[in-house]
Each structure stands twice: as C-alpha cells, then as structure tokens.
Amino acid sequence: MIALHAERVAGEPCAVRWVVPPGSLPPGRIRAAPGALGALFSDGTLTVGLVEHGAVWLWLRDGLAWREQGRPIEAALRDALGEPAGWVVEPAPGEVLMRVVADLIDGSIGDFVRSHGGTVTAESAGEDVVVQLGGACANCSAAEQTLRQRLLGELRQRCPGLV
C-alpha cells in the first residue's frame, strides 16, 4: 500500500496537497492520470492537478467539498500512484516552484518571518520566483541568512531539481 496523507492549502478550500513518496512522479501539471483518478479529471470533479517532488496537488470543482470527496479521491490517487506509466505530466517548473514557495510562505517560513515582525512575499517571473522580505526584515542583517538557510533549505528538499 502506498503511504499518503492530505494537507490543507492555505486560502484555497478547493485544493488539497497530498504528500506522497518522493519521486513517485515527475514534477509538473497533470494532463492525464490512470484509472478512477483519470475519470475524476474527465468528469470535472477534479479541475487541476500539479505534482511536486513529494506531493500531488489536486483541486476540486467549485461547489464540491473535500469532506464528501476526500476518501474516494484518496483511494483513486493511491491506485493511480501504483501505475506510474499511466500518468501524463507536463513539465511546469515555474508553476511548481511558485506553488511550493507560496506554500512555504503561508506556512513555516512565513511564520518565522512574521514572528520577527517581518513580511515575505513572492512573485512569479516566468519560470523564476522573486522572494522579498519586508517589515522588520527589510534591513535586517540576518535576512539573507533567513532566505538562504530557511527558505532555500526547505525549497531544495521539496524541489530537488532547483537550480
């Protein structure tokens, strides 16, 4: 049995980040998936899918709730992960990178920065992401260290192909 668990996505009630074994699939945008998961994309239950190194992000159609849809989607995802050859994942490095950076900013990295009176934002620049510290962190001598050790450290774990 493939181990996976769901994590909420801050500010996006239609999205869930499913943590899966790292390297299960290539990172990018899901274009097709095998079995019941593929059927959930075909019938519009799932609208978007994105893969990072150790997670699969899935978005439900508006009007549906994870409370009702979660268990069948979890079962479909688990079965689909057992058929890696049946997936079609289109490379989308900028989209994956932006999604992971935003998740870190909404979570542990942002919490750390905010605990020091700072702010942190990210903007997409094509396939790159520009991260900026503000507030108390704008002129802090440790800002570079925060970005390099905390943000880049966690980012490299979740996006090992990062250059």
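The values are calculated or read from the model by the stated rules, or taken from the named source; none is laboratory data. Predicted, not measured: the structure shown is a model, and the values here were computed from it. Please note: Cβ atoms are built from the backbone with ideal geometry, for glycine as well, and neighbour counts cover all protein chains shown. Ligands, DNA and RNA are stripped out before the accessible areas are found, and what is left, the full protein with its side chains, is counted by its heavy atoms. Shrake-Rupley method; radii C 1.70, N 1.55, O 1.52, S 1.80 Å.
Among the residues of segment 14-25, is there at least one that is among the hydroxyl-bearing types (S, T, Y) and either under 29 Å from I105 (Cβ atoms) or in contact with an Asp or Glu (Cβ under 7 Å, 6 or more places away or on another chain) (or both)?
Yes, some residue in segment 14-25 is among the hydroxyl-bearing types (S, T, Y) and either under 29 Å from I105 (Cβ atoms) or in contact with an Asp or Glu (Cβ under 7 Å, 6 or more places away or on another chain) (or both).
Within segment 6-39, count every residue that is closer than 18 Å to A75 by Cα, under 13 Å from the mean Cα position of the chain (by Cα) and open to solvent by 50 Å² or more (accessible area, probe 1.4 Å).
The total comes to 3.
Do any strands (runs of 3 or more DSSP E) entirely within segment 40-154 hold 3 or more residues that are in contact with a strand residue (DSSP E or B) (Cβ under 7 Å, 6 or more places away or on another chain), buried (at least 19 other Cβ atoms within 10 Å of the Cβ) and at pLDDT 90 or above, and if so, which?
In segment 40-154, 46-52, 55-60 are the strands (runs of 3 or more DSSP E) which contain 3 or more residues that are in contact with a strand residue (DSSP E or B) (Cβ under 7 Å, 6 or more places away or on another chain), buried (at least 19 other Cβ atoms within 10 Å of the Cβ) and at pLDDT 90 or above.
Show the residue pairs that are 6+ apart or on different chains and have beta-carbon atoms under 8 Å apart, the first residue being within segment 6-23 and closer than 14 Å to V48 by Cβ and among the small types (G, A, S), the second being assigned to a loop (DSSP other than H, G, I, E, B) and open to solvent by less than 40 Å² (accessible area, probe 1.4 Å).
A15/V9
Please go through segment 139-162 and give me each residue that is under 14 Å from F112 (Cα atoms), in contact (Cβ under 8 Å) with a residue 40 or more places away in the chain and more than 14 Å from the chain's Cα centre (by Cα), ordered by number.
If the condition is that a residue be under 14 Å from F112 (Cα atoms), in contact (Cβ under 8 Å) with a residue 40 or more places away in the chain and more than 14 Å from the chain's Cα centre (by Cα), then R150, L151 are the ones that fit.
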